[in-house]
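Take a look at the structure below.
Nothing in this text is a laboratory measurement; each read-out follows from the coordinates by a stated rule. Since the structure is predicted, the reported quantities are computational estimates derived from the model, not experimental observations. Positions of Cβ are generated from backbone atoms using ideal geometry, with glycine treated the same way; all protein chains shown enter the neighbour counts.
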Amino acid sequence: MGRFVVRRVVQMLIVMFAVSVLTFLIFNVLPGGDPALRMAGRNPDPSQLKRIRADWGFNDPVYVQYFKTMGQVFSGDLISYSTQQNVWQELKGRIPRTFALAIGATIMWMVFATALGLYTAIKAGKFADRFLTIIALIGISMPVFWIGALMNYYLGFKLGWFPNGGYVPFFDDPWQWFYHLVMPWTALSLLFIGVYSRILRSNVLDTINEDYVRTARAKGLTERRVLINHVLRNSLIPVVTLWGLDFGAVVGGGAILTETVFELQGVGQYAAESIGQLDVPPVLFVTIFGAFFIVLLNTVVDVLYAALDPRVRLS
Amino acid sequence: MSSRPGGAGTAGPLLTVDDLHVSFATEDGVVQAVDGVSFELAAGEVLAVVGESGSGKSVMAMTLMGLTRSPNARFEGKAFYKGAELVEASEDELRAVRAAEIAIIFQDPMTSLNPVQRIGKQIIEQIQEHEALPDQQALERAVELLERVGIPRARERVDSYPFEFSGGMRQRVMIALAMSCDPSILIADEPTTALDVTIQAQILERIRELREQTGAAVILVTHDLGVVADIADRIAVMYAGRIVEQGTLDQIFYDPQHPYTWGLLGSIMRVDKPRPQRLPAIAGLPPSLADRPEGCHFRPRCPHEFAECRKVPPLTSRVEGQPDHFDRCWLPVDQKRDKREVLPGVIGLDSKEAAPA
C-alpha cells in the first residue's frame, strides 16, 4: 500500500510538471502572446514597454520565467497579467462553486444512468428500451451550451421556475444553493446520463447471460436481488474507470461551458475568461489544478476497482 | 447401496415428469430440445440421464427449475413435485422450490460462481433467502457445509473469492451451495465434465456421500456412461430430445435394447481390458434439433434400420420379465440380442452371456 501511494504521488508530480511546461511554452510562442503589449494599453510608448518587461522579468530566458512563475504558483504569489489580481485569491472563492457543481452533477448522472441503463437492459428490444434509447441519444447529441441556453430561456426567463444562473453559498442558504444549482446540474448531467446508460445497458446485457447469474437464479433469489447483487455490481466495474476520468475533469474546472452558461463563476469559467485574454498565470494555475484532480481521481478509481473486483486487489 | 425400484416408492414418486416438451424459437427455426419426456423419480433415487451433447438432457433438467424460461421458449407437459406443478408455476412459486427443494450443480465451476463475492457470502445468501437464520448461524452452516464437501481450513476459506480456488474446489463449493438448504432433489448437470479426470472421481464420491447422508434424490445428467456405472439406480438414455431407453442400471448395462445405447456402451474405455486399435465411436453426428429425421431419430446412424423405423417407436416395455425396462426400437427383442455386438470383452458391456436370465 505504501509503495502504491508513493508511486501515485510521483506519477502525479510528473504529470503536473509536464502539463505546466507545455502550457507555459504554448502561451509563450502564441502570436500576440506578449503580455507586455497588452499590459501597456492601447498606445504604449517604447520606454513604458521596456519598463514593464524589466519589472515582470519578460526579458529573462523562458526557463527562468517558468521557474519563477512556478515558484509563485506554490507560494501563492502568482499575479494575473491582465487584472493584476492574485490568482490564488481569485481562485479560492471559485473552488467551492465548481465542487458543488461537479459533486451534485455526478450524483445525478450516476443515479439516473444506473437506473436507466439497468431498466433499458431488462426491457431490451421492447418499446420502453427503444424509446429511452432515442432519448439517450438525444441527450448525447445536445451540446451543453445549447441546452443550457434553452433551459435558461424557457425554465428561467419565460416560466420563472428557476433562477437564471448565479450561485448562493451553501452555508448562506442551503435551499437557495440547491435551487440555483438544479439547472446547471441537469444540463451538465444530460450528456453523461446518455453515454453512461448506454454503456451500462450493454454491460448488463453481457453480464445477465453469465453462468453465475443463472446460479443466482437457481438459488431462489428474487429477480431484484439477482439484478442488484449479481448483475449490477459486475456491470458497474468498467463504468468506474470512465467515471474517474469524467469526474476528475469536471472537478478540475472542465465544465467550462456549464459554468459560463449559468454564470456560476467557478474555476472553469475563470479559465475560459483567462484564456480569452491570453492571461498565462491563471491558465497555468487552473491547468495544474485540473491535472492534479485527474491524476487523483485515477488513483481513487484504482482503489475503487480493487474494492469492486477482488481479482485486481493489490497484493 | 441397493437398487431402488424406479418410480414405485411406497409414498408415490417424488417427481413425476409427464410428456414434457421444450422448444426454442431461433433464427434457424424451432429447436425442439425436449420432445415428450416422461419419467418418475422416487425419493432417494439416483437417476442418470445420459446422452450426447445436444440431446436435450440439460435443458430438460434445468426446465424442472424454471431456468430455461425465456421469451423465445415454449413449454408443454407437466412436472409434478410433491403435488406442485413446476412447468407452469409462477416465478414466486418456483423461487420457493429452487435450492430449497430442488438444487442444481452446474457443469462449469469456473464460471458458475460470482467472481466478486466471497464464497461464504454466496452460500449464506442462499440460506437466508429460504430460512430466517441470523448471520452468525448461517455462517456456521456455511463453514460446516464446506467442511463436509472436503474444503480444508473451511473456516478461513469461507472468506475466499472463487478465483482463489481450483476448478475441483470450486465444484465442491457448488455442491456445498446446492446442499445448503437440504433439498430433496439434487440435479447434477454434467458435474465432472469440466474437471480433471483425477478430480472427477472425488466429486462423484462427494455427491454419493451427501446423497447417502441426506437421502436426497439425484438426477445426474452426463454424457459419460462410465460416470454413471457405480452411482446410478436407474438410467434414462436421451437422444435428440427423446428418451430412447430407460431401465435399471443392470438392465441398461447388461441387456441394452436400443442400438444407440449399444453405441454409448461401446464407447466406454475399460482399463481392465486390452486396448482396441482405434477408439470406438458411433458413426455420424446427432441430428440438429431444428431439423430431425422423421420416425426414429437415430435411424440415419443406425446399422439395423428397416422399413418400420420410419414410424416413431413408442417408449414401452418390450422385454419379457422386465416391466420397468422401456425402449424405443422396433427391432424384435431376440433379434436385438443377436445383433448387438459391442466388441464383447474388449470395451463396453461384457458379451451376451452377461445378460440376466
Sparse-neighbour loop sites [trypsin sites (Lys or Arg not before Pro); region B:121-171; at most 13 other C-beta within 10 Å; DSSP]
B:153
For chain A, set up a GNM with springs between Cα atoms under 10 Å and report which of A:47, A:75, A:235 has the largest fluctuation.
A:47
Counting only DSSP beta bridges with both partners in the protein assembly as shown, the antiparallel fraction in percent, to the nearest 5, comes to 60 percent
Go through B:66, B:158, B:124 and say which Cα lies farthest out towards the positive end of the charge dipole of region B:64-191; charges sit on Cβ, +1 for Lys and Arg, -1 for Asp and Glu.
B:158
Compare A:286, A:251, A:226 in a GNM of chain A, Cα atoms joined below 10 Å, and give the one with the largest fluctuation.
A:226
So, in Å, what gap is there between the alpha-carbon centers of region A:239-253 and region B:21-44?
50 Å
Once you've got the GNM for chain B with C-alpha springs shorter than 10 Å, pick whichever of B:223, B:304, B:325 has the biggest mean-square fluctuation.
B:304
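Could you sort out which of B:57/B:336; A:50/A:92; B:311/B:336 sit more than 22 Å apart by Cα distance in this structure?
Values: B:57/B:336 26 Å; A:50/A:92 33 Å; B:311/B:336 18 Å.
From the list (B:57/B:336; A:50/A:92; B:311/B:336), the Cα-Cα distance tops 22 Å for B:57/B:336; A:50/A:92.
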Under a point spin-label approximation (7 Å from Cα along Cα-to-Cβ), what is the residue A:7-residue A:312 distance to one decimal in nm?
1.3 nm
Region A:200-212 - phi-based ³J(HN,Hα) in whole Hz, Karplus 6.51/-1.76/1.60, Gly and Pro as x:
5, 4, 6, 4, 5, 5, 5, 5, 5, 8, 5, 4, 6
Cα centroid of region A:215-231 to Cα centroid of region A:98-112, whole Å
30 Å
Starting from the 7 Å offset along Cα-to-Cβ, what nm value, one decimal, do you get for the label separation of residue A:149 and residue A:172?
2.8 nm
